[in-house]
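K.L.:
Have a look at this one before I ask anything.
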């Protein structure tokens, strides 16, 4: 009673509607606003939609899910505060989130100390390597994207490539990973350029690359507007090298920004979500992807994005684990998440183990090509 | 014996810090408290620069960045203890502030605002782009301060949140004590004199340029210590700490609470740290709310919240 009174008295604490006792509380800290909002916004929408869907269909074994969702604005310091709030004040049994690598890395110590399972939605490999007992993630690592691209290059017989990378977190991290795995695919990076995330023209860097006669293909690790500008400059300069983009721009808005004509023929590794209706009828991911796509587009009237798909998979993994755990104790949920096996999500089929807290393999990436302003699957 | 204003301020602050935990419903409030204190340390520095000396800096987050990254890098590359790394960060920040401030503060007007703005942006760009050293935009890990383990060995086991609440609370008390001492010292009087009128201050023999540089250096050290505290507490740091918005936030906190008073600045830091937590329901509108609060304060309470409210209460009392 005293606690409640004090809470009400402190004008700053937020009163939540009293939850029914049997609710399962799950938490999320997402960058809905701020520089990473194009990632965080679809993630937050997806989580809210899925929780409503699940509760409308009766919840998990009759228990409703209650979602505590906070917007950290992409600030790691705020993310840490919200993670503390979720665990200490809201009493959640698991946390989804950390839209960016920075926010995820700052949630990890809090979740690990409290032994609450945490499923990150960020790309970098540091999140799950080395494996921490309570930390999981759903997106492919940038290393896997590099491998998928190099695999395709190898098949087409390219061994000497040029790279032009963004210096933002995503671009910088993927650049490092690509340079590290290139030799294992027999690929040499013969020319390398970088650009700032807010640069408006990459013609000089591309001209340098064009000047090298032995380059056989071009790779652009980066996300946001940078790759779109690179693509436009690439077309303006009349460069004809086969062009690879990263999974960071696997969305329709990239084609719009770059222009369908300039983007024609670009290849990039993407998830099944982007090409749901192109998947063969017998593809295991097709029903999952189509169900999510239809529901999301109906609810929000905007196209689905890969990033919302990461949140979809995180929630699916958590719900699957809750069903199997037979308890709502964080430790039991953690164990159940680690035993996730053959779970079909939008990003791929997830099979985790004590050594692998991601559970995806290269097969879950699809090599896509932009044709006539749309996507096509590369066989 | 009647307590001086300085001592009663410190006593009040110490009481609030010590007694607030009684009312904390959960450990989360310790975390919030420690973030409030860390922000307050930086804002007390702004009070010295803006409130005492009347100078405006739009790049103080740059010094927080230096302080934070010193704690991340010095233990790895120089083998320093994290606590010494924080001291090193403060020294580097002070020297940088001197180098930036020395030529700029000879000029009158708002040159410092522009120069510090540029400085802050430069620091955050270096932190984000020198990936090989700083780990880039995804941030870098910070070593453990080790004090909590020492306390636990000495028979005082504290949770992480409790420890940082106490530690940053003590840092804030020390910072406030120093700032209040400065207020009534010859340097403090010189600063306030030049705030009133640079010409008048010069006429009575104040070395205006030197006094301004002193204020800038001191406030840079405060910002640096705040950066170190947040880095050590979070055990990781990203270039966001040096971001432009963070600089603006510090100035806003000081101006909201009352840039001229240490207690007011702490109040400003408290409100602007708690507000986003309280308004999570309106999270999309956070920026609008901040802008609105700021405008209202500027229009109706130009001195800032605390001085205006105190004046109001005193006015009624008399």
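We did not get these values from a lab; they are worked out from the coordinates using the rules stated. These numbers come from a predicted model, not from an experiment. Every residue, glycine among them, receives a Cβ derived from its backbone with ideal geometry; neighbour counts consider all protein chains shown.
K.L.:
Where both partners of a DSSP beta bridge lie in the range A:137-236, what percent of those bridges are antiparallel, to the nearest 5? Working shown, then result.
P.N.:
Numbers: 0 of 10 bridges.
If I count the DSSP bridges inside the range A:137-236, around 0 percent turn out antiparallel.
K.L.:
Taking every DSSP beta bridge with both residues inside chain A, roughly what % is antiparallel (nearest 5)? The partial results should precede the final answer.
P.N.:
Numbers: 11 of 42 bridges.
If I count the DSSP bridges inside chain A, around 25 percent turn out antiparallel.
K.L.:
Rounded to the nearest 0.05, what FRET efficiency is calculated for residue B:133 and residue A:356 with R0 set to 35 Å and r the Cβ-Cβ distance?
P.N.:
0.65
K.L.:
For the range B:217-237, list residues with backbone N below 13 Å from a point placed 7 Å from the Cα of residue A:132 toward its Cβ?
P.N.:
B:234-237
K.L.:
Using the count of nearby Cβ atoms within 10 Å as a rough guide to exposure, how do B:272, A:39 rank from fewest to most?
P.N.:
Taking fewest neighbouring Cβ atoms as first place, the list is B:272, A:39.
K.L.:
Counting pairwise Cα distances across the range A:213-336, what percent come out greater than 19 angstrom?
P.N.:
In whole percent, the long-distance tail amounts to 60.
K.L.:
Suppose R0 equals 22 Å; then what is the FRET efficiency for residue B:207 and residue B:107 from their Cβ-Cβ distance, rounded to the nearest 0.05?
P.N.:
Taking R0 as 22 Å, the efficiency between residue B:207 and residue B:107 is 0.90.
K.L.:
Between the range A:51-121 and the range B:60-95, how many Å separate their Cα centres?
P.N.:
Their Cα centres are 32 Å away from one another.
K.L.:
Distance between Cα centroids, the range A:340-356 to the range B:180-204: provide it in whole Å.
P.N.:
Distance between centres, Cα-based: 67 Å.
K.L.:
For an R0 of 30 angstrom, estimate the FRET efficiency from the Cβ-Cβ distance between residue B:3 and residue B:152 and round to the nearest 0.05. Working shown, then result.
P.N.:
Working: r = 36 Å, r/R0 = 1.20.
Step by step, r from the Cβ atoms, then E = 0.25.
K.L.:
Sorting A:290, A:49, A:202 on the 10 Å Cβ count, fewest up front, what's the list?
P.N.:
Lowest count first: A:290, A:49, A:202.
K.L.:
Counting DSSP beta bridges with both partners in the protein assembly as shown, what percentage is antiparallel, nearest 5?
P.N.:
Values: 13 of 44 bridges.
Antiparallel: roughly 30 percent of the beta bridges in the protein assembly as shown.
K.L.:
Return the single residue from B:62, B:79, B:175 with maximal mean-square fluctuation; model: Gaussian network over chain B, springs between Cα atoms under 10 Å.
P.N.:
Comparing B:62, B:79, B:175 in a Gaussian network model of chain B, the most mobile one is B:79.
K.L.:
If you don't mind, another one. Shape verdict for the range B:39-92, please, from the Cα gyration tensor: rounded (a/c under 1.5), prolate (a/b greater than b/c) or oblate. Don't jump to the answer; show the numbers that get you there.
P.N.:
Working: a/c = 3.26, a/b = 2.73, b/c = 1.19.
Prolate is the answer for the range B:39-92, as a/c is 1.5 or above and a/b outweighs b/c.
K.L.:
Additional query: With chain A treated as a Gaussian network of Cα nodes joined by springs under 10 Å, which of A:265, A:345, A:363 yields the largest mean-square fluctuation?
P.N.:
Of the options given, A:363 has the highest mean-square fluctuation.
K.L.:
Additional query: Rounded if a/c is under 1.5, else prolate if a/b beats b/c, else oblate: with a ≥ b ≥ c from the C-alpha gyration tensor eigenvalues square-rooted, which is chain A?
P.N.:
prolate
K.L.:
Name the shape class, rounded, prolate or oblate, that the alpha-carbon gyration tensor gives for the range A:88-170, where a ≥ b ≥ c are the square roots of its eigenvalues, rounded holds for a/c under 1.5, and otherwise prolate holds if a/b is larger than b/c and oblate otherwise.
P.N.:
Taking the square roots of the gyration eigenvalues as a ≥ b ≥ c, the range A:88-170 is prolate.
K.L.:
Under the definition of partner shielding as Cβ atoms of other protein chains within 10 Å of a residue Cβ, what is the mean value for peptide B:28-39?
P.N.:
Averaged over the peptide's residues, the number is 4.
K.L.:
Take every residue in peptide A:102-112, count the Cβ atoms of other chains within 10 Å of its Cβ, and give the average of those counts.
P.N.:
4
K.L.:
For a footprinting-style exposure proxy, rank B:147, B:312 by other Cβ within 10 Å, fewest first.
P.N.:
Lowest count first: B:312, B:147.
K.L.:
Here is a further query. Mind ranking B:178-189, A:93-104, A:303-314 by how tightly packed they are, going by the mean number of other C-beta atoms within 10 angstrom, highest first?
P.N.:
Taking the mean over residues of other Cβ atoms within 10 Å, the ranking is A:93-104, A:303-314, B:178-189.
K.L.:
Please find, in a Gaussian network model of chain B (springs between Cα atoms separated by less than 10 Å), the residue of B:241, B:225, B:100 whose mean-square fluctuation is greatest.
P.N.:
Between B:241, B:225, B:100, it is B:100 that shows the largest mean-square fluctuation.
K.L.:
What does the structure give for B:306-314 when I average, per residue, the other chain Cβ atoms found within 10 Å of the residue Cβ?
P.N.:
Per residue, the average neighbour count from other chains is 0.
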